[in-house]
There are 2 protein chains.
Amino acid sequence: MSVDGDEVKILHGPDHPLSVGWTKSQKMTLFEDSAQPLILESGGILGTVEVEYETYGRLNDLASNAVLVCHALTGDAHAAGWDQEPAGALREFRKKKPGWWDSMIGPGKAIDTKRFFVVCVNVLGSCYGSTGPGSLNSETGRPWGLSFPVVTVGDWARVQMELLTRLGVSKLCSVIGGSMGGQIGLELALAYPERVGSMIILSAGHRVTNQGLAFNAVGRHAIIHDHNFKSGDYYGGPSPLMGLAAARMMAQITYLSEESLGHKFGRRLRGKESPDFTLTEIEFEMESYLSHQAESFVRRYDANSYLYMTRAMDYYDAAEKWGQGDLTKTAARLKARTMVVSFTSDWLFPPELCRELVSAMCRAGCPVSYVNIPSRYGHDAFLVETEAVRRLITIFLKD
Amino acid sequence: MSVDGDEVKILHGPDHPLSVGWTKSQKMTLFEDSAQPLILESGGILGTVEVEYETYGRLNDLASNAVLVCHALTGDAHAAGWDQEPAGALREFRKKKPGWWDSMIGPGKAIDTKRFFVVCVNVLGSCYGSTGPGSLNSETGRPWGLSFPVVTVGDWARVQMELLTRLGVSKLCSVIGGSMGGQIGLELALAYPERVGSMIILSAGHRVTNQGLAFNAVGRHAIIHDHNFKSGDYYGGPSPLMGLAAARMMAQITYLSEESLGHKFGRRLRGKESPDFTLTEIEFEMESYLSHQAESFVRRYDANSYLYMTRAMDYYDAAEKWGQGDLTKTAARLKARTMVVSFTSDWLFPPELCRELVSAMCRAGCPVSYVNIPSRYGHDAFLVETEAVRRLITIFLKD
């Protein structure tokens, strides 16, 4: 996502009445009972799990107003407001910007914190506060690296539900997520149908596309074959920045559309009238943008986490997991009132894929609405088409 | 291109009557008069230029039956028949397969060598026989590396025309090319309108798309930032194989379509019923395919040449070069009877881009026909949809 891109407008400072203001991430340790560790879908076992999360608004007395917001691939728990204490190099980038979905979350906004208790949880395996490959393995005193067990979308849903239970939420009013966050939302509603009242899935689906699977595979290949990767045991030394940069640049292309790339850069040269005829220097604005994206990304994200995140996305296949390959049978589990939103130029989670899910839900008799928003912004549209998304969420949450 | 992929069927052995049989590449030194070196569009100067080429069939007495076939990004001069003497590691792969367009070129085939004198020239900057960054610079006695001047599509057209002149061809009966080869064909017809009787452009256009530009940029970034790149001066030592592999894997995705990826691999696991939950090993057939493609590619292609080829493709903008940005004005230069062929699922040179060119040619009053072939094979379709392409070329060349 171009969460850190130039498309995200800063709408409100921390003192604005529509802002949740200054925020502070919280941590909770889960599965601390050694007799009941977290058994992952991969078969891996995690003794204790620390999760980082943020909350906005207050849980009401009936505990009926909780909305879980799920972040995308390289996102974090800081969804709204301004971070009080960005910690560590990987989080330095937070300083200049509000939370990644500040446009939607706040008092009087679409996800109204005067009405809702909003929770956003950093996923397991991430590098933004929840336990992950960069965390210390208490048994060795060293970072896990690739000895960290493989995690899945199902595990993420499980951990987030566990946290919600501890926060006193037995049933979610709604779960909302885009892209990878949409996969988590769907999985939550499938795994805990009685505990999810409604869900909004943006630019996501029941599986990644074939192209998505392929691009993720190439991204991991680039990281794993980076000279500095050292089987993931690179902490304390040089990181596989080159591989991570390549993965990010490639992914960045999949977040935009042919039209938005044309609109943003096209064939414009970078600060010159005619080309310098150089192979290794920047000629086109396009190259400059992609390089810049990569540079800022490798400063803030850990390569191992990138492997874990993309693998989890790739493994996820709701139909396979819940319906022996039958998506309608899968959808029949659902009890949540649902809205699915796609964007016309999104080719990472294209409208056709979203419609597959929606059709299955219709066949299964689920209460589902579907909107395909005309947009040129590609996959990033779910973060960029603020006005359309804001209206849809507002109406959906009104009921 | 998946020239080396599993989609290319071996139709005829060298002894088959429809095969051009055993072939032998030829070399010619051009611009050997030191008073008249090759002045490139980049401003670079090359003293002598060696070009590797192959010919099939015979030039008739009027020298009116020459057909130039232009190869794609990582192709070579060996377009038809079976190579008599594949030389060097980079060319080892030729042994088991006929030329890359053997399905079209031969006695009685679409490009009928009983009628036509067919020429295919390896482009300048390549690693397949023509002078390029891996060639020895006679002034230093060492490989050029990145001191080799930047070459352009215009330079390629110029060199190929020079060779044709030396072969006694003053006017081409036809020029035919796909993808990058189509760019060369178009440029030839624009630069030498009196010398090109007709042209067939397959899966190509007057420029690359914005996505094409972006993917090429990422590919080069991966190569240039490979630990072993050493500013292109890696000959004799380890090559930047990792960067080249990443570039190729990514490019490979752009040669296929969502549908063909699904048909070939989908989400199928590689030799197992359920995933092993590993980050660094192969899980999906998709990963296995891409890795295999990369492995075979880095054995046969030089990273520096990859930089030169993709840069040339990126720079090319026929409208900018010939019509101050006006494609109709550009097309007005053309005298060649033209057929443009696109394929419905090609998203590297998509039908819309081809139609831009065709529309401009129509507005300029050019004799042009256009066919959009329904195909699921993506960009590779121009090599895979043999039957449809064969018929179109046969009919076009009949006149």
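Given the structure, is B:S257 farther than 30 Å from B:Y192 by Cα and facing chain A (nearest Cβ under 10 Å)? So B:S257 passes the test.
Filter the stretch B:160-179 down to the residues that are of a type in the set (S, T, N, Q) and at positive phi and list them by number. B:S179, the sole residue that qualifies.
For the stretch B:351-371, how many residues are assigned to a helix (DSSP H, G or I) and over 13 Å from B:D326 (Cα atoms)?
Step one: filter the stretch B:351-371 for residues assigned to a helix (DSSP H, G or I), giving B:351-363.
Then drop every residue that is not over 13 Å from B:D326 (Cα atoms), which leaves B:351-355, B:358, B:362.
Of the residues in that region, 7 qualify.
With respect to the conditions (1) closer than 27 Å to B:P275 by Cβ; (2) touching a residue at least 40 places away in the same chain (Cβ under 8 Å); (3) not in a helix (DSSP H, G or I), A:S342 lacks only one, and its number is (1). Does B:G378 meet the test of being touching a Ser or Thr at 6+ places or on another chain (Cβ under 8 Å), surrounded by 22 or more Cβ atoms within 10 Å (Cβ to Cβ), assigned by TED's automatic domain parsing to the domain that holds B:Y192 and not basic (K, R)? The answer is yes for B:G378.
Within the stretch B:322-331, the only residue that satisfies the criterion of being touching a Phe, Trp or Tyr at 6+ places or on another chain (Cβ under 9 Å) and surrounded by fewer than 23 Cβ atoms within 10 Å (Cβ to Cβ) is B:K329. Comparison of B:T165, B:T209 shows that the only residue that is under 30 Å from B:L59 (Cα atoms) and polar (S, T, N, Q) is B:T165.
Need pairs with beta-carbon distance below 7 Å; first residue of a type in the set (K, R) and within the stretch B:170-190, second surrounded by 24 or more Cβ atoms within 10 Å (Cβ to Cβ) and at pLDDT 95 or above; sequence gap 6+ or separate chains. No pair meets every condition. Give me the pairs: first residue in the stretch B:194-211 and within 14 Å of chain A (Cβ to nearest Cβ), second residue in a strand (DSSP E or B), beta-carbon distance under 9 Å, and six or more apart or on different chains, which are they? Close Cβ pairs satisfying both conditions: B:G205/B:V340; B:G205/B:S342; B:H206/B:D317; B:R207/B:D317; B:V208/B:D317.
The residue that is farthest from the other protein chains (Cβ to nearest Cβ), among those in the stretch A:118-139 that are surrounded by fewer than 23 Cβ atoms within 10 Å (Cβ to Cβ) and modelled with pLDDT of 95 or more, is A:L136.
Here's the yes/no breakdown for (1) in contact with a Lys or Arg (Cβ under 9 Å, 6 or more places away or on another chain); (2) of a type in the set (D, E, K, R); (3) at positive phi:
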| residue | (1), (2), (3) |
| --- | --- |
| A:G181 | no, no, no |
| A:L188 | yes, no, no |
| A:A214 | no, no, no |
| A:H225 | no, no, no |
| A:G232 | no, no, yes |
| A:S274 | no, no, no |
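Of the residues A:I184, A:I223, A:I201, the single one that is outside the structural domain of A:M161 (by TED's automatic domain parsing) and buried (at least 24 other Cβ atoms within 10 Å of the Cβ) is A:I223. Looking across the stretch B:314-353, the residues that are more than 13 Å from every other protein chain (Cβ to nearest Cβ) and small (G, A, S) come down to B:G323, B:A331, B:A332, B:A336, B:S342. In summary, A:V150 fulfils each of the numbered conditions (1) assigned to a loop (DSSP other than H, G, I, E, B); (2) away from chain B (no Cβ under 14 Å); (3) buried (at least 20 other Cβ atoms within 10 Å of the Cβ) with the single exception of condition (2). All of B:S288, B:S342 fail the test of being farther than 17 Å from B:M242 by Cα and either at pLDDT 95 or above or not assigned by TED's automatic domain parsing to the domain that holds B:A72 (or both), apart from B:S342. For B:A189, state whether it is away from chain A (no Cβ under 14 Å), part of a loop (DSSP other than H, G, I, E, B) and under 30 Å from B:L163 (Cβ atoms). In short, no.
On the stretch given as the stretch B:312-332, residues that are touching a residue at least 40 places away in the same chain (Cβ under 8 Å), out of contact with any Gly (no Cβ under 6 Å at 6 or more places or on another chain) and of a type in the set (A, V, I, L, M, F, W, C) total 5. Annotation note: Cβ proximity below 7 Å between a residue of the stretch B:44-61 that is at positive phi and a residue that is assigned to a strand (DSSP E or B) and modelled with pLDDT of 95 or more (sequence gap 6+ or interchain) occurs for B:G57/B:F117; B:G57/B:V118.
Condition check for B:L348 on (1) within 21 Å of the chain's Cα centre (by Cα); (2) part of a helix (DSSP H, G or I): one failure, at (2).
Output the residues belonging to the stretch A:254-309 that are small (G, A, S) and within 17 Å of the chain's Cα centre (by Cα). A:A303, A:S305 - these are the residues of the stretch A:254-309 that are small (G, A, S) and within 17 Å of the chain's Cα centre (by Cα). A:L279 meets all of the listed conditions (1) within 27 Å of A:T310 (Cα to Cα); (2) aliphatic (A, V, I, L, M); (3) within 8 Å of chain B (Cβ to nearest Cβ) but one, namely (1). Screening the stretch A:282-302 for residues that are at the interface with chain B (Cβ under 9 Å from one of its Cβ atoms) and in contact (Cβ under 8 Å) with a residue 40 or more places away in the chain and picking the one that is surrounded by the fewest Cβ atoms within 10 Å (Cβ to Cβ) gives A:S291. Checking A:G237, A:G262 one by one, the residue that is more than 9 Å from every other protein chain (Cβ to nearest Cβ), surrounded by fewer than 21 Cβ atoms within 10 Å (Cβ to Cβ) and either modelled with pLDDT of 95 or more or not in a loop (DSSP other than H, G, I, E, B) (or both) is A:G237 and no other.
When you check A:R311 against the structure, is it assigned to a helix (DSSP H, G or I), basic (K, R) and at the interface with chain B (Cβ under 9 Å from one of its Cβ atoms), yes or no? So A:R311 passes the test. Residues of the stretch A:119-147 that are among the hydrophobic types (A, V, I, L, M, F, W, C) and in a loop (DSSP other than H, G, I, E, B): A:V123, A:L124, A:C127, A:W144.
Within the stretch B:157-171, being over 16 Å from B:G182 (Cα atoms), in contact with a strand residue (DSSP E or B) (Cβ under 8 Å, 6 or more places away or on another chain) and not hydrophobic (A, V, I, L, M, F, W, C) holds for B:E162, B:R166, B:K171.
The values are calculated or read from the model by the stated rules, or taken from the named source; none is laboratory data. Quick caveat, the model's predicted, so the values are computed rather than measured. Quick reminder, even Gly has a Cβ in these numbers, built from the backbone with ideal geometry, and neighbours come from all protein chains shown.
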